[in-house]
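Notes to accompany the following structure.
The values are calculated or read from the model by the stated rules, or taken from the named source; none is laboratory data. What you see is a predicted model, and the numbers here were worked out from it, not measured in a lab. Neighbour counts run over all protein chains shown; Cβ positions are idealised from the backbone, glycine included.
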Amino acid sequence: MRAPMTRVQIVEGSIGPFDEYCDGYGNPGASGNGYVSVLKLSTGSVIKSMDDVLEGIVSYDRAEKNDAYAGQINMITASSFSGLNGNVWGYDLARHDGLTNGSIEPLTTRRRHDGVEIPIYPVWPLLEAGEKLFGTEQERRYPLLPGSHVICATKDVTVSGPATVWSAIALSFAEDRERDSSLFIEDVGSQVEGSTDLERDDSLAKRMASIVDSVMLCGEDQDVKYAEIFVGFKSEVIPQGTVGCALTCAPYLVLAKNAVPASPGRLLEMSLSEWEREFWTERTSIGGR
């Protein structure tokens, strides 16, 4: 069996009803049945001065707004696959320049269940691409529509300090994307070994190896061959008297109209910097925003 849609058809079917805002996949008004996944890792914190529920709300909302701006949305938790009718921002669409020119090298390799060695890449290029699309809280670009309902592959953790909260994500691209879904693995926690930033980062880097292990097992279980994996984490030290939240999420969305070329399939050929020049830098230089 082959995929019901081509990559171009997916892009053409992934355009939302709003000029300046992305919208959640499955909401009314989209151009078709395609969707785009965007990756985000964030943390947030608040001084402990309210009750546990309110401190959790504020720290979570701060994690949503930090880094790639995903504030003011209704997150709906879903399982974690980018399917046959999905593209990934920064990989399929507006591909990160470091992936296009090969300057981003694998962190390591891992042997798959059929004996093939596959590369493990850092996830930061895909996170950076998400921030270029959404913008930040201070400089919003094409964020999700405030108040929209957005299906997300997501997990979060909220704890009182002293602690270190962390969020992590792995995205594994299927070798045969005409047959199999690509897989998100999200993980969060607050237990990190080490007393210095370097020691804590080393501990979390080792934990990333376990996340890759889980990817390989999921692939073996369902006879899915992954061609490459992107993995990484974000962490924050939460001192005494503070509440912290770590969030990992990948919204499933349709794109703002003004973020898409007249021929949407061009997004499959554009680098991230080319997209940014055409759909943000030039617009801002002539007073478009």
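Considering the range 59-106 alone, what residues qualify as being polar (S, T, N, Q) and either in contact (Cβ under 8 Å) with a residue 12 or more places away in the chain or closer than 12 Å to Tyr252 by Cα (or both)?
Here is the first cut: in the range 59-106, the ones polar (S, T, N, Q) are 59, 66, 72, 74, 77, 79-80, 82, 85, 87, 100-101, 103.
Residues satisfying the conditions are Ser59, Asn66, Gln72, Asn74, Thr77, Ser79, Ser80, Ser82, Asn85, Asn87, Thr100.
Quick one: which strands (runs of 3 or more DSSP E) sit completely within the range 125-242 and have at least 3 residues that are among the small types (Gly, Ala, Ser)? Show your work before the answer.
Details: elements: 149-160, 163-174, 182-189, 226-238.
The strands (runs of 3 or more DSSP E) meeting that bar are 163-174, 226-238.
Just the residues that are among the aromatic types (Phe, Trp, Tyr) and either over 19 Å from the mean Cα position of the chain (by Cα) or part of a helix (DSSP H, G or I) (or both), please, taken from the range 107-124. Spell out how you get there, then give the answer.
To start, the set of residues in the range 107-124 that are among the aromatic types (Phe, Trp, Tyr) comprises 121, 124.
Scanning the range 107-124 gives a single hit, Trp124.
Determine which single condition Asn85 fails, assuming it passes every other condition in (1) touching a helix residue (DSSP H, G or I) at 6+ places or on another chain (Cβ under 7 Å); (2) over 13 Å from Ser37 (Cα atoms); (3) not basic (Lys, Arg).
It fails just one condition, (2).
Given the criterion surrounded by 19 or more Cβ atoms within 10 Å (Cβ to Cβ), of a type outside the set (D, E, K, R) and touching a helix residue (DSSP H, G or I) at 6+ places or on another chain (Cβ under 8 Å), identify the matching residue among Tyr21, Tyr69, Tyr25. Steps first, answer last, please.
Numbers: Tyr21 fails: touching a helix residue (DSSP H, G or I) at 6+ places or on another chain (Cβ under 8 Å); Tyr25 fails: touching a helix residue (DSSP H, G or I) at 6+ places or on another chain (Cβ under 8 Å).
Every option except Tyr69 fails the conditions.
Look at the range 26-83 and say how many of its residues are acidic (Asp, Glu) and within 27 Å of Gly232 (Cα to Cα). Please lay out each step first, then the result.
So in the range 26-83, the residues acidic (Asp, Glu) come out as 51-52, 55, 61, 64, 67.
With within 27 Å of Gly232 (Cα to Cα) added as a condition, the list becomes 55, 61, 64, 67.
Matching residues across the range 26-83 total 4.
Restricting the first residue to the range 7-21 and requiring it to be closer than 18 Å to His149 by Cβ, which pairs with a second residue that is modelled with pLDDT of 95 or more and acidic (Asp, Glu) meet a Cβ separation below 7 Å and a spacing of at least six or different chains?
Every condition considered, the pairs that remain are Gly16/Asp23; Pro17/Asp23.
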